[in-house]
């Protein structure tokens, strides 16, 4: 009787060990696959962040010129001092009205796959969410406001008022007397406030992109 139990016990023990080893191996393989998927997601996010950084730097350079021109026009409109020529300033006002659209495809994949929850680096996870869950929605919301207040607001108003379309900037028919009219002053004042905020927001986005890039590269 005893001689029959021992082989059976060994058989069950071997089967148990095989099952446990199989489960453990399965967990290890799944973990490896998950880590590989997260690594690929982070590589894609890094490329997106690099593209966002380059785009932001170019936009800020252009917008800084437009904002500076707008602020100079506001200053001239509120002053009684004579000004020789505002044509170059008016031309500078049209330097850029492009808005910033971040690349969020790689981030959406990381979130929808559930891999974000498995990021072990809490600092990296916080940095990613600071950019994609806080900065990006703010930028997208303000893109619409920027278009309404500047692109479709100021530009459309000037084009309609002077009936010259974009030539209002290239040929500069706008005079010092024009911008000192009350209606023009009001329109400039409405525009400059939002423009300052939009440029500040782009600078904030660029700063956060840099921090997030550093976090992604440190985790690589």
*Top-ranked residue of the stretch 42-60 - restricted to ones that are exposed (fewer than 15 other Cβ atoms within 10 Å of the Cβ) and out of contact with any helix residue (DSSP H, G or I) (no Cβ under 9 Å at 6 or more places or on another chain), ranked as nearest to residue 111 (Cα to Cα)*: 51
*Which one is nearest to residue 103 (Cα to Cα) among residues in the stretch 182-216 that are loosely packed, with under 13 Cβ neighbours inside 10 Å and at pLDDT below 90?*
193
_Meets criteria (modelled with pLDDT under 75 and under 29 Å from residue 38 (Cα atoms)) for residue 220_ = yes
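The values are calculated or read from the model by the stated rules, or taken from the named source; none is laboratory data. Keep in mind that what you see is a predicted model, and the values were worked out from it rather than measured. Backbone-built Cβ (ideal geometry, glycine too); neighbour counts: all protein chains shown.
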